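Every number here is computed from the coordinates shown, using simple stated rules; none is lab data. Since this is a predicted model, take the numbers as computed values, not measurements. Cβ coordinates were reconstructed from backbone atoms using ideal geometry, including for glycine residues, and neighbour counts include every protein chain displayed.
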Amino acid sequence: MAIDDWFSASYGEARAKFQAAAQAAGAVQHSYAHPLKGPDGGDLAMDLAFLGPADAARVLVTSSATHGVEGFCGSGCQVGFLQSGLHSELPDDMALLHVHAHNPHGFAHERRVTEDNVDLNRNFVNFEAPLTENSAYDEVHPWLVPSDWDGPARQTADTAIQAYIAEHGMFAYQAAVSGGQHGHPDGLFYGGQAPTWSRRIIETLAQQHLSGRSHVALIDFHTGLGPRGFGELISVDVPGGAEHLRAVAWYGDEVRTPGSGDSVSAKVNGTIETGYHALLQNTESTTIAIEFGTLPPDQVLGALQADNWLYLHGDLASDEGQAIKRQIRAAFYGEDSEWSTMVWQRGLEIARKTIHGLKDS
Ligand SMILES: [Zn+2]
């Protein structure tokens, strides 16, 4: 098996590999077309590959590219799962659903956000209720979006950020920036003011493919936090609640909880995992995010800040614009064999643990 061959250099390549591997594995395929195009004019879609009995009581779902550019990681694992025959390890009455590219626009354009600058993993909130305020984000927002990238506005902003980190620490800065906010559409980690295309399609696919099952498990693949190549398991469930206890029973005490102080992730609102629990009211659901490290957090946050500036004020075609795109890609994709191999081995280990847990549940 050539692990490197499962990973891709572009969204188009990743999509083609996924569809070819799904066909070869005998999967039932379905695509939800996205209304926009990729930077090369290519089509965008959320693609499904379903393996196993159509009426299976239990379904394991894997998903990639919730955060666009992070999709190189999850897509590589999904192609590997299809090509290495993970589906042949399924017990009776269990099916496997691979969801390729939750956020195809962000994947193709190599951005973390959706086409409307929304962080999909902060978008699963109840928009009928008042949205949570984030005063910590309000404080740092002006520094995150300087009007220039190599002039006085940026210098002033960087000085303010360094002073904030010196006073409160790096993790507090990360928490302020990344917790999710609904007040600054031009900012980072923006949860939006309404469900974005990706959320609406996820709700549709859950209704069409997952409702009526007895138990659904989700593994959502992410990158950008933690030690390089290591995959931390993150549960956003309430500690001690039934969903959280089930995740701990399946995966062991290495399961981390954002906001508890033991995770590389700060506390966040509006994640896919909480969305799944809300969507599958009459179905047991066990959800986990797996977060693979790439570069140190200051470099990852710096890359996100740069990419946000580029689409607000910069020129994508300029040397500076292209340098920022290389920076964002390196922040979310290891792009070497050692990293891809670590990702694959860990992804397979967690998929097998999930099959085992789902079987015994
Ligand atoms: Zn992510």
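Our compactness index for the stretch 52-106, the C-alpha radius of gyration over the empirical 2.2 N^0.38 Å, is 1.22. Please give the residues of the stretch 143-165, grouped as numeric ranges, whose backbone N is less than 17 Å from a label point set 7 Å along the Cα-to-Cβ vector of D319. From the stretch 143-165, the list is 149-151.
Helical content alone sets the calculated 222 nm signal of the chain at -13500 deg cm²/dmol, taking -39,500 (n - 2.57) per DSSP H segment of four or more residues and averaging over every residue. About its Cα centre, the stretch 313-361 has a charge dipole of approximately 380 debye under the convention of +1 per Lys or Arg Cβ and -1 per Asp or Glu Cβ, with nothing else charged. Here the Karplus curve 6.51 cos²θ - 1.76 cosθ + 1.60, taken at θ = phi - 60°, turns the phi angles of the stretch 85-95 into couplings of x, 3, 4, 6, 8, 6, x, 4, 6, 10, 10 Hz, with x standing for Gly and Pro.
The Cα-based radius of gyration of the stretch 320-361, divided by its Kirkwood radius, gives an Rg/Rh of 1.30. About its Cα centre, the stretch 273-361 has a charge dipole of approximately 320 debye under the convention of +1 per Lys or Arg Cβ and -1 per Asp or Glu Cβ, with nothing else charged. For the stretch 240-280, GluC sites (Glu not before Pro) are listed when DSSP marks them as loop and at most 14 other Cβ atoms sit within 10 Å of their Cβ; the list is E254. The charge dipole of the stretch 206-343, taken about its Cα centre with unit charges on the Cβ atoms of Lys, Arg (+1), Asp and Glu (-1) only, comes to about 280 debye. Amide H contacts for R256 (H built 1.01 Å from N in the peptide plane; partners 5 or more residues away or on another chain; cut-off under 5 Å): L233, I234, S235. Note on the chain: dipole from Cβ charges, positive end direction compared against Y164, G321, A331; the farthest Cα belongs to A331. By other beta-carbon atoms within 10 Å, ranking I272, I201 with the fewest at the front produces I201, I272. Its alpha carbons considered, the chain gives a radius of gyration followed by a Dmax of 19.5, 63 Å. Kirkwood analysis of the stretch 203-262, using all unique Cα-Cα pairs, places the hydrodynamic radius at 13.5 Å.
Taking packing as the residue-averaged number of other Cβ atoms within 10 angstrom, the listed peptides 66-72, 283-289, 259-265 run from highest to lowest as 66-72, 283-289, 259-265.
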